[in-house]
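Participant: Here it is, the structure, as structure tokens.
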Protein chains: 6
Amino acid sequence: MGIHTYFQSLNDLERIIRCPGKFKFQEHSVSAHSWKVVQYAKTLADIEESNGVAVDWKKLYEITSSHDYGEIFIGDIKTPVKHYSLELRAMLQQVEEGMVAHFIDENIPEEFKAIFRRQLREGKDDTVEGLILEVADKLDQIYEAFGELQRGNAEKEFVIMYRTALIKIKGIKLHCVDYFLDRILPDMVSEGSKSPIDIARITDEALSSVEAHSQK
Amino acid sequence: MGIHTYFQSLNDLERIIRCPGKFKFQEHSVSAHSWKVVQYAKTLADIEESNGVAVDWKKLYEITSSHDYGEIFIGDIKTPVKHYSLELRAMLQQVEEGMVAHFIDENIPEEFKAIFRRQLREGKDDTVEGLILEVADKLDQIYEAFGELQRGNAEKEFVIMYRTALIKIKGIKLHCVDYFLDRILPDMVSEGSKSPIDIARITDEALSSVEAHSQK
Amino acid sequence: MGIHTYFQSLNDLERIIRCPGKFKFQEHSVSAHSWKVVQYAKTLADIEESNGVAVDWKKLYEITSSHDYGEIFIGDIKTPVKHYSLELRAMLQQVEEGMVAHFIDENIPEEFKAIFRRQLREGKDDTVEGLILEVADKLDQIYEAFGELQRGNAEKEFVIMYRTALIKIKGIKLHCVDYFLDRILPDMVSEGSKSPIDIARITDEALSSVEAHSQK
Amino acid sequence: MGIHTYFQSLNDLERIIRCPGKFKFQEHSVSAHSWKVVQYAKTLADIEESNGVAVDWKKLYEITSSHDYGEIFIGDIKTPVKHYSLELRAMLQQVEEGMVAHFIDENIPEEFKAIFRRQLREGKDDTVEGLILEVADKLDQIYEAFGELQRGNAEKEFVIMYRTALIKIKGIKLHCVDYFLDRILPDMVSEGSKSPIDIARITDEALSSVEAHSQK
Amino acid sequence: MGIHTYFQSLNDLERIIRCPGKFKFQEHSVSAHSWKVVQYAKTLADIEESNGVAVDWKKLYEITSSHDYGEIFIGDIKTPVKHYSLELRAMLQQVEEGMVAHFIDENIPEEFKAIFRRQLREGKDDTVEGLILEVADKLDQIYEAFGELQRGNAEKEFVIMYRTALIKIKGIKLHCVDYFLDRILPDMVSEGSKSPIDIARITDEALSSVEAHSQK
Amino acid sequence: MGIHTYFQSLNDLERIIRCPGKFKFQEHSVSAHSWKVVQYAKTLADIEESNGVAVDWKKLYEITSSHDYGEIFIGDIKTPVKHYSLELRAMLQQVEEGMVAHFIDENIPEEFKAIFRRQLREGKDDTVEGLILEVADKLDQIYEAFGELQRGNAEKEFVIMYRTALIKIKGIKLHCVDYFLDRILPDMVSEGSKSPIDIARITDEALSSVEAHSQK
């Protein structure tokens, strides 16, 4: 009942750990992930603006900060499950949206219902803000996986996470993607060069992959 | 490749925490839960046997010990998600079974494939062993929720978990269910009487509920 | 060197726990706190806008998301230390700013230096955005303390944190403060009524306190 | 009083961490260990059956699932202590059995006392089931140690644990031991080949050791 | 080999958690316990001195700081095990002493062997320093148990721990024991008066108990 | 009020983690650190005594065991902050001392006030005991950093911590420093030789550095 219920619920995302099951050196909560996505997106949008692209900051604020709120209701469902079939993925998204809609109906005061519906919608559309969110979200998967590979974690899941996110990002046409590939990624690969895992090779293979266009 | 991959994978269930997101005094991993289900089922089956019911111990062993193995692939999906619609539930079960089948195809040697397919199937059928597994699995939800209610954890989720599991159990026709309701549950309620939460009232309401027959 | 160093550094805030030393039921990292401040501020700004106040969303985005970034360098210094003397507080803020400035000089590429300097400045000024940040930051102290008081944590530090933050908020002239006091706080107090700690009384005392104006 | 006390007590084994004191990348609770022993034993027994050996599944179920229940009373006593002298070892086992017997006397209803005494007895006898339990228990020490060696943990304790368990297993005459040595262990060693620790050499030395027969 | 091995080994006591198995709000490592015993003993000795008793500070330093070092070798064996029989207790102490002696033989340079043998001996003799160590060690059990009782932890083990330690202390003839009973304990009981557990009653029962003289 | 408040407060140091923010394989609480400093200091003082130096054991006991008690009030402030300017450092020390003095005024009974003021003073003066405390405190930084470097933790902060502490120690004129450099450090470096980080080189560079005299 009321905004209090919403504010109170934010705490739950501190207790949902991403990528459950696999051995990892660093655990990340959904709320810490969400904050990092907000931070990346801000810098990515700065890069767009410095290239003359107009950014709707209010929209970017709304969609980045809330993009995983729905996990309060469905948890951090493993990526392979989400991607098992387009049909399942659609159904899971429908369930998440249904639960969020139900939460708004039950808890949010009439005068804010429209605002919350807009904010808690799926934000990854084809606008520049939606694309920045997509890049920022994948960027955190890259940093999450990199943090493991860098420390020698040999779980295949992190190689796949790193590789898949990189392929996804490189397929998005934004100035900030060029900047990331040209100016940020080389520093990351260089920092990872002391790892027993060959991060440079994994990176090169992902960058030269042609899967980018066929992936959703 | 090989049984090693299977044995090695068991570790992952130590890192999947049940009921993610909600505040709790005690965390339970899927592997600890699995062990407790094995233990409860053993005593429940002893009660059945002492009432003259024949128990297939090999089958009971197989289905109780492996009943959550599939969570390695799909994680601990929140109960409300699983129960959101019969359609989604069926699809999630299908995905889990598909992933388990794929794992067996890829990793288990030819001569053990049939055994693993039988062991890692969904065990909750209408045989006495399948029903015992159902009771044991719900019993652990009861103990998990009780451990929180007893310590004053006011999260609604644990009241619902306790109540739903109790209603489910009471609808199953087994001697061990009678024993649980008559001889075990009163001790539990009595132990919980010092809690600020009125466990006796929640228990009575669940036991007098008529939802039992309409629930699956 | 480069934006990579900045992105990489964000991880460190997941490992700084707020309010070190005191017994608590829930631990909060600085990054989880930062995300919650971003979320509260968004809704607080929505309330301002619905009252006809213009909000600079880009500025609000920048100052809320980065407001505790400096803790990477100085850690979460205990509030009583910060408030021990105005002189020490000023000096600590100067050190933090010096370290942030040094980090930008060393790591941020020339073309982004001005942007980072603006974003990582102290954001709590007298503009509507600065005041919203102040309210949102204190709101999270209220929720942090409430989560402990609600569960019966008798550490005096959380009573002080709750009380001080409430007094601070009530002294700020914003529509969202009125909304919080009239519509959100009563729900919180009502939810806390089962606690052995008398949250309603602590709240009433804070609200009727006259310290608000004399405090900075 | 009653089965409830027994069911409730199972939780305690989730809070006893194996191999206390030594640095490790992964912690294992006694309950997670117990579940893995149940799982290994099931597959080991399948291998025996496929070689024409009759397995008493009820007995195997009972002795594997409960084999460390006594640690609730005495904790996870360090292996070197247990093996310090035959006299101490016998006395510790006597204490554990005395405490288990006392627990059954006090808590288990008359009609189940005999069943619990049988289930909670020391299960490692010379029957095929007792030997399978011994292999499964040592197998988990191997996996526990392997998980550390594989990640470069240089604590000597894990080399000793791996080596001692391997020597113990190889001295047991079971088809499943042959299968483990021929078909599972090579995969494990191969997976561990990227570790800075020479797992292959440690394995070879253990396998060619002649201590097996002199050890109990 | 050498003092390095000894210094390095101290880390292990940070990873041995006291009172394993039981639910607790606060975990305590053996090293944190050791430090608190050192601190209590210092104040207890100050009280003795202020009553004209001569204290050998070097001896007190040696025996308090090292009193649980042997747990590196045998772990934190549960109190009920230690007290199961005088015979077992003697044997466990013998094993611990044997392992410590072996460690000194192997690792400590010749010129320090005598010093280490003296420091790592059992310090609880009938001298004033030995008695202060006994009081300080039990005092930490009281604080450990009090921290649980105060927060409503209903595990019987903590009532027993509190009660047994109090009875033990009150039987020791030292000025600091009088001071503790007259001046410190009442403040503790008063602080605990808000707990749902009746700490005052448990305290009174322990203080009026006549077991003190029959206990060792 | 009273010694109880002081004894109770010791618990808080178990919950303050040293070196917050940076990734580490092992976390150390302030209380575990304090205990290790007590232990090192004991052996360092033994070395002094064996070289004919008189040691005031009571003073050494007091200053080593309490040397970080003030962190209860100010937390574990990051070393770079403390060293940012001599002015800030002086002010922070003044605040800590002020808070300790206030605590003693409020809580410690009249007859012990003088004792507590002496014990909780800054102990690092130029007496042999003050210098031993300085060496012991830095020695724990060396072990803390070594534990990370040894396991391949590439965070620069630990190289700096190791190096700075070593330079500081080598500048102190004590027999135990000679012993450490000649007899303990070589064993440590030798144990660390398997690390991917070149600990020997870092050590050599620190030992041949000439910064020692210019540093405070």
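Participant: Calculate one ³J(HN,Hα) per residue across the stretch D:156-163 by plugging θ = phi - 60° into the Karplus curve 6.51 cos²θ - 1.76 cosθ + 1.60, and present them in order as whole Hz with x for glycine and proline.
Facilitator: 4, 3, 7, 5, 5, 4, 4, 5
Participant: Which stretch or stretches of the stretch E:1-43 have amide N atoms under 19 Å from the point lying 7 Å from F:Ser50's Cα along the Cα→Cβ direction?
Facilitator: Output list for this probe position: E:1-10.
Participant: Here's something else I'd like to know. Along Cα→Cβ, 7 Å out, is where each label goes; now give me the distance between the ones at E:Arg183 and B:Gln26 in nm to one decimal.
Facilitator: 4.2
Participant: Take every residue in peptide E:177-186, count the Cβ atoms of other chains within 10 Å of its Cβ, and give the average of those counts.
Facilitator: For this peptide, the per-residue mean of nearby foreign Cβ atoms is 2.
Participant: Using only Cα atoms and rounding to the nearest 10 degrees, what angle (0 to 90) does helix F:128-149 make with the longest principal axis of chain F?
Facilitator: 50
Participant: Calculate the mean, over all residues of peptide E:55-63, of how many other protein chain Cβ atoms lie within 10 angstrom of the residue's Cβ.
Facilitator: 4
Participant: Lys/Arg Cβ at +1, Asp/Glu Cβ at -1, dipole of chain B taken about the Cα centre: which of B:Pro196, B:Thr127, B:Ala101 is farthest positive-ward?
Facilitator: Of the options given, the answer is B:Pro196.
Participant: Cα centroid distance between the stretch B:1-71 and the stretch E:54-84, in Å?
Facilitator: 40
Participant: Report the residue, chosen from F:Gln39, F:Gln26, F:Gln119, that carries the largest GNM mean-square fluctuation when chain F is represented by alpha-carbon nodes joined by springs under 10 Å.
Facilitator: F:Gln26
Participant: For labels at B:Val210 and C:Ile172 in the simple 7 Å Cα→Cβ model, what's the distance in nm?
Facilitator: That separation, rounded to one decimal, is 5.4 nm.
Participant: Here's something else I'd like to know. Are there any chymotrypsin sites (Phe, Trp or Tyr not before Pro) in the stretch B:109-216 that are in a DSSP loop and have at most 12 other Cβ atoms within 10 Å? List them by number.
Facilitator: In loop regions of the stretch B:109-216 (DSSP not H, G, I, E or B), there are no sparsely surrounded chymotrypsin sites (Phe, Trp or Tyr not before Pro).
Participant: How far apart are the F:Ser209 label points across copies, placing each 7 Å from Cα toward Cβ, in nm, shortest first?
Facilitator: 4.4, 4.4, 4.6, 5.5, 6.6
Participant: Sorted from fewest to most neighbouring beta carbons within 10 Å, what does the list F:Asp182, E:Asp204 look like?
Facilitator: Working: F:Asp182 9, E:Asp204 12.
Result, fewest neighbours first: F:Asp182, E:Asp204.
Participant: Let me ask another. For the stretch A:195-202, in order, what is each residue's ³J(HN,Hα) by Karplus, 6.51 cos²θ - 1.76 cosθ + 1.60 with θ = phi - 60°, in whole Hz (x at glycine and Pro)?
Facilitator: 5, x, 8, 7, 5, 4, 5, 4
Participant: How many partner chain Cβ atoms sit within 10 Å of a residue's Cβ in peptide D:69-78, on average, as a whole number?
Facilitator: That average works out to 5.
Participant: How far, in nm to one decimal, is D:Arg117 from itself in the other copies if the label point is set 7 angstrom along Cα toward Cβ? Shortest first, please.
Facilitator: 4.6, 4.9, 7.0, 7.0, 8.5
Participant: Quote the charge dipole size of the protein assembly as shown about the Cα centre in Debye, to the nearest 20; the model charges only the Cβ of Lys and Arg (+1) and of Asp and Glu (-1).
Facilitator: With only Lys, Arg, Asp and Glu charged at Cβ, the dipole is about 0 debye.
Participant: Would you mind calculating the relative contact order of the stretch F:3-207 from Cα pairs under 8 angstrom and at least 6 residues apart, reporting the percent as a whole number?
Facilitator: Across the stretch F:3-207, relative contact order equals 23 percent.
Participant: Now for a different question. Set the Förster radius R0 to 51 Å, insert the Cβ-Cβ distance between A:Glu110 and A:Ala154 as r into 1/(1 + (r/R0)^6), and round the FRET efficiency to 0.05.
Facilitator: The pair A:Glu110/A:Ala154 has a calculated efficiency of 0.45.
Participant: Using the Cα centre of chain A as origin and beta-carbon charges of +1 (Lys, Arg) and -1 (Asp, Glu), tell me which of A:Phe158, A:Leu13, A:Thr43 is placed farthest towards the positive end of the dipole.
Facilitator: Farthest towards the positive pole: A:Phe158.
Participant: Quick one: if you stick a label point 7 Å off each Cα along the C-beta vector at D:Lys124 and C:Asp126, how many nm between them?
Facilitator: 7.7
Participant: Tell me the net charge near B:Ala145. Cut-off is 12 Å between Cβ atoms, B:Ala145 excluded, with +1 for each Lys or Arg and -1 for each Asp or Glu.
Facilitator: Residues close to B:Ala145 contribute a combined charge of +2.
Participant: Next question, about the same structure. Output wanted: per-residue J couplings in Hz (rounded whole) for the stretch D:70-77, from phi through Karplus 6.51 cos²θ - 1.76 cosθ + 1.60, θ = phi - 60°, x for Gly and Pro.
Facilitator: With the stated coefficients, the stretch D:70-77 comes to x, 5, 3, 8, 10, x, 8, 6 Hz.
Participant: Could you give the dipole magnitude of chain F about its Cα centre, charging the beta-carbon of Lys and Arg +1 and that of Asp and Glu -1, in debye to the nearest 20? Mind dumping the intermediate values first?
Facilitator: Working: 27 positive and 37 negative charges, 90 e Å.
Using only the charged Cβ atoms, the result is roughly 440 debye.
Participant: Efficiency by 1/(1 + (r/R0)^6): what FRET value for E:Met1 and A:Lys194, r their Cβ-Cβ distance, R0 = 30 Å, to the nearest 0.05?
Facilitator: 0.50
Read the figures in this text as sums done on the coordinates, not as results from a lab. Predicted model only: the values in this text are computed from it and were never measured. Positions of Cβ are backbone-derived with ideal geometry, glycine not excepted, and every protein chain shown enters the neighbour counts.
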